[in-house]
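Novice: Input: one structure, supplied below.
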Amino acid sequence: MNKFLTISACLIFMATASAQLKPRPDAFPPVDEPEPKALTMATTVAQMSNWDRYPTYSVYVEMMQKWANDFPNLCRLDTIGTSVNGRLILSMEITAYPTNPTLPEFFYSSTIHGDEITGYVMMLHLIDTLLHGYGTNAQYTDLIDHTRICINPLANPDGTYYGGNNSVQSSRRYNANNVDLNRNYPNPFTDTKPALQQENSAMISYFDRHNFRLSANLHGGAEVMNYPWDSYTSVQNPHPMSAWWIDVCKRFVDTSRTYNANHFNDTYSCGYTAGGDWYVITGGRQDYFNYYYNCLELTMEISTTKKLSSNQLPTYWNFLQHSLVNYIEEIHTLFGGTEHIAEVADSQHLSVYPTLPQVISSSRVPTALQNYMMSLAA
Ligand SMILES: [Zn+2]
C-alpha cells in the first residue's frame with residue numbers, strides 16, 4: 001500500500017468515524033426498522049386506483065405497459081436493463097415531441113435501495129398524473145411540451161421483491177448479490193473501483209443514450225434534500241452550484257411544508273444538507289452522475305419510514321406532488337441554457353478534487369493525525 005492509499009484509507013476511516021455523530025438512516029450498515037403495520041398489495045391494476053397500495057411486480061410491469069398503450073403520443077416505455085435475477089428495470093419517457101433533439105432531458109429514479117419504497121409509488125403516481133393532466137393542467141402540459149421527462153420508478157427490483165413478486169414485506173436494501181447499489185458506482189476519490197453490478201452498468205449505459213441535465217434519486221429513511229457532494233464535506237470541497245442547490249432545495253421543502261408544516265424536519269430543521277456534511281459516502285450515484293455526466297443529480301430522502309404503511313401513501317403524495325413536479329421545472333431555470341450548463345460542468349470537474357493538503361488540513365482531521373499524514377506525504 002503506497003502513501004497515498006494509506007492516507008486515503010485514513011481519511012475514509014475518519015470520515016466514517018466522525019459521521020457517527022450524526023446518524024444517517026440511509027447509512028451503511030442500514031438501520032433496521034420495526035416491521036410496518038400494513039403493506040397492502042394491489043394484485044390488479046384496478047386496485048391501484050386509490051394509490052394506497054404497493055403493486056405486485058406483475059402489476060407494476062402491466063401499469064407501465066398500459067400507460068404506453070393508452071398514451072402513445074405522450075410516452076414510450078424503455079428498458080434500462082435487467083436485474084441480476086432478470087427483473088425489468090423500466091423507464092417511462094414522457095414528451096409530446098419525442099423526435100425533437102433540443103428538448104432538455106430530465107430523469108427521476110427511485111428505490112435503488114430496495115426497501116425504500118415510498119418513492120416507488122410516488123413515481124408511478126407522478127407518471128399517471130402527468131399523462132392524465134396533459135391538455136387540461138397548464139403546468140403539466142407545458143412541461144410535457146418542452147421537456148423530455150424520463151421516470152424509472154424502481155431501480156432495484158430484486159431488492160424490493162426479495163421475498164417474491166407478490167409482496168414488498170421482505171424488501172431489502174441490497175440487490176441479489178448482497179451489494180448496496182448506491183455504494184457501487186466508481187468514485188474518483190478511491191483508487192479501488194468496485195465491480196459494477198449489472199443494475200448499475202445498465203443505468204450508466206442508459207445515461208450514455210441520453211443527455212440528462214437534471215435528475216433526482218429518491219430514497220427513504222429520512223426526510224431531507226441531500227445535494228452534492230456526498231464524497232466530501234462542504235468545507236473540503238463545496239459543489240460549484242451550492243447556492244443554486246440550496247435555492248432548489250428550499251423551494252422543494254417550502255412547497256411541501258405548505259401541505260404539512262412538519263415535513264422534512266427529522267434531520268435538519270431547514271430540510272436540506274450538503275450530502276457529505278450529513279455523512280460522507282463513496283460510490284454513490286449522485287456524485288457519479290454529477291461528476292462524470294455533468295448531470296445535476298439530487299438525492300431526495302422523502303419519508304422517515306422506509307417501508308411506509310400503504311395507507312400513508314396518499315398522504316405523502318399530497319405532501320410531495322407539487323414539489324416533485326416543480327423540481328422537473330427547475331431544468332428550465334438553469335439560466336443561460338446548455339452553454340451555461342457546459343460551464344458548470346467544467347467547474348464541477350475543476351473543483352471536484354481537493355488537493356491533499358486541503359483534505360489533510362480540514363477541520364475534521366485531528367491535529368496529531370494531520371501531522372502524521374503530512375509526514376507520510378512529505
Ligand atoms: Zn437509500
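Throughout, read-outs are computed from the coordinates displayed, never taken from laboratory work. Note that the structure is a prediction, hence the values are computed from the model and not measured. In this analysis, Cβ positions are derived from the backbone assuming ideal geometry, glycine residues included, and neighbour counts consider all displayed protein chains.
Novice: Mind jotting down the distance between the C-alpha centroids of the range 195-213 and the range 41-106, whole Å?
Specialist: Their Cα centres are 18 Å away from one another.
Novice: Neighbouring Cβ atoms within 10 Å as the yardstick, rank 58, 323, 215 fewest first.
Specialist: 58, 323, 215
Novice: Another question about this same structure. Can I get the semi-axes of the range 116-186's equivalent ellipsoid? Compute them from the C-alpha gyration tensor as square roots of 5 times the eigenvalues, in angstrom, largest first.
Specialist: Its equivalent ellipsoid spans semi-axes of 31, 15, 7 Å.
Novice: Right, something else. Could you please rank 94, 127, placing first whichever residue has the fewest other Cβ atoms within 10 Å of its Cβ?
Specialist: 127, 94
Novice: Provide the gained length on full extension for the span residue 261 to residue 234, in nm with one decimal, where the gain is 0.36 nm per separating residue minus the Cα-Cα distance.
Specialist: The residue 261-residue 234 span can extend by a further 7.0 nm.
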